[in-house]
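The values are calculated or read from the model by the stated rules, or taken from the named source; none is laboratory data. The structure displayed is predicted, hence computed values, not measured ones. Because the Cβ atoms are built from the backbone with ideal geometry, glycine has one as well, and the counts that use them run over all protein chains shown. What goes into the accessible areas is simple: the full protein's heavy atoms, side chains included, and nothing from ligands, DNA or RNA. Shrake-Rupley method; radii C 1.70, N 1.55, O 1.52, S 1.80 Å.
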Amino acid sequence: MTDVALEPMDDVEFPDDVHATSTGISNPKLAMWTYLASDCLLFGGLISTYLLYRNRPGNIPGLSGSSLRASELFNIPFTSMTSFVLLMSSLTMVLAVNSAIRKDVDRMRLWLVATAVLGGLFLGGQVYEFTEFYRYGLGFTSNVSASAFYTLTGLHGAHVAVGVLMLISAVVYAARRTLNAEAVEVLGLYWHFVDIVWVVIFAIVYLIP
Amino acid sequence: MSATIDVDDDSPVHPGEHHDHGPSDATYFKVFWVLVAITALEVSTYFWDVWFGESSWSLAVPLLILLMVVKFVLIASMFMHLRFDSKLLTRIFYFGLITACIVYVVALAVMNIFTDNGNPWFNDPPPEVTPSAVVTGETSNMGGMGG
């Protein structure tokens with residue numbers, strides 16, 4: 001085997017579309033995609049649990065619980081509106097990423113704020129929905145079906161809430177001119193994933209009887 | 001206003017990654033309207049039993065799953081740039097997704113969710129239990145997940 005002489009890194013200049021990582025992909029982006037892949041397993045588990053328990057009433061002899069199921073209380077027109085709001089937030093997020101790539105910081109800030117506001121609206125809708133369900137007597141521990149429903153949709157809501165906090169942080173960093181385009185792109189990946197998960201939850205939990 | 005984003009030139013990631021390589025804003029708007037149309041079609045299935053009768057559900061359920069997959073792929077490939085980024089990212093993401101699908105479909109199948117009633121898609125409530133059955137201990141497997 002012949003020895004290969006390594007070129008000193010100091011003398012190497014990277015052309016515009018080559019990255020200084022062994023994969024050619026930036027580490028934050030790779031890390032985010034790996035995290036999102038693992039999150040598929042988390043949400044898959046919770047969706048499966050809901051599917052398993054969705055038709056199971058709580059008033060089984062020997063077990064306490066309400067016979068009410070979340071599916072009996074769904075307000076599809078309202079949830080459709082919140083789904084539309086989240087879909088719209090995906091559009092504003094991708095426009096923010098495009099603005100960041102173009103180095104148009106003012107538009108990027110505008111789209112980031114719009115995304116955060118739409119995310120907040122979605123969360124408000126979820127809080128309203130949960131409050132309505134609770135008012136009708138369906139609490140977290142009412143029965144296994146309710147627990148599965150609240151855990152699934154609540155964890156998704158927590159993801160949205162974290163996303164909104166990150167968006168607000170991004171706006172602050174952008175105002176200080178310390179935000180780079182890659183951070184916006186990685187944040188965008190997270191936000192779109194939250195939207196993708198809702199696409200699945202909306203179809204499987206809300207629309208399929 | 002002529003504001004620009006500061007690029008961290010000391011980053012190990014070369015700033016050249018962020019060049020104009022994705023679709024234009026107009027393309028994103030087109031994708032968005034397609035997604036809105038698909039969502040509207042999805043929501044319409046909720047009213048199909050009123051419009052077309054109960055039997056329409058046999059068509060609605062597969063259609064909903066198909067539309068869900070189309071929306072998923074559209075968002076992942078266009079909004080998340082999987083179509084334009086390295087194939088490695090696509091492999092990583094879909095590996096996680098497909099693994100999750102396989103694991104949970106197998107787990108649900110083991111729990112008889114697809115087979116324990118006339119409806120192939122979902123499980124059903126546990127069987128009716130009479131007080132006498134409770135007394136004689138016939139409900140010992142009531143907590144079982146198969147229904």
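Structure data summary
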{"quantity": "Chain A: calculated mean residue ellipticity at 222 nm from DSSP helix runs of at least 4, using -39500 (n - 2.57)", "calculated": "-23500 deg cm²/dmol"}
{"quantity": "³J(HN,Hα) computed for each position of the range A:165-176 - Karplus, 6.51 cos²θ - 1.76 cosθ + 1.60, integer Hz, glycine/proline x", "calculated": "4, 5, 5, 4, 4, 5, 4, 5, 4, 5, 5, 8"}
{"quantity": "On Cα atoms only, tilt of A:27-53 relative to the major axis of chain A in degrees", "calculated": "10"}
{"quantity": "Average beta carbon contacts from partner chains per residue of A:198-204, 10 Å cutoff", "calculated": "6"}
{"quantity": "Number of partner chain Cβ atoms within 10 Å, mean per residue of A:23-33", "calculated": "4"}
{"quantity": "Gain upon complete extension [B:D25, B:C101; 0.36 nm per residue less C-alpha separation]", "calculated": "24.1 nm"}
{"quantity": "The range B:22-79 - convex hull of alpha carbons, volume per residue in Å³", "calculated": "58"}
{"quantity": "Karplus-derived HN-Hα couplings along the range B:46-57 (A = 6.51, B = -1.76, C = 1.60, θ = phi - 60°), whole Hz, x at Gly and Pro", "calculated": "4, 9, 4, 5, 6, 6, 10, x, 4, 5, 5, 5"}
{"quantity": "Relative contact order (%) - criterion: Cα under 8 Å, at least six apart; region: chain A", "calculated": "28"}
{"quantity": "Packing rank of B:101-107, A:161-167, where each peptide gets the mean count of other beta carbons within 10 Å, highest leading", "calculated": "A:161-167, B:101-107"}
{"quantity": "Two-site label geometry, B:A37 and A:T141: point separation in nm, points 7 Å out along Cα→Cβ", "calculated": "5.0"}
{"quantity": "Accessible surface of A:T92 - all protein chains present, 1.4 Å probe, nearest 10 Å²", "calculated": "10"}
{"quantity": "Average projected area [Cα convex hull, chain A], square nanometres", "calculated": "17.4"}
{"quantity": "B:F52-A:L165 pseudo-label distance in nm [points 7 Å out on the Cα-to-Cβ vector]", "calculated": "4.5"}
{"quantity": "Summed side-chain charge close to A:V144 - residues other than A:V144 whose Cβ falls under 11 Å, Lys, Arg +1, Asp, Glu -1", "calculated": "+3"}
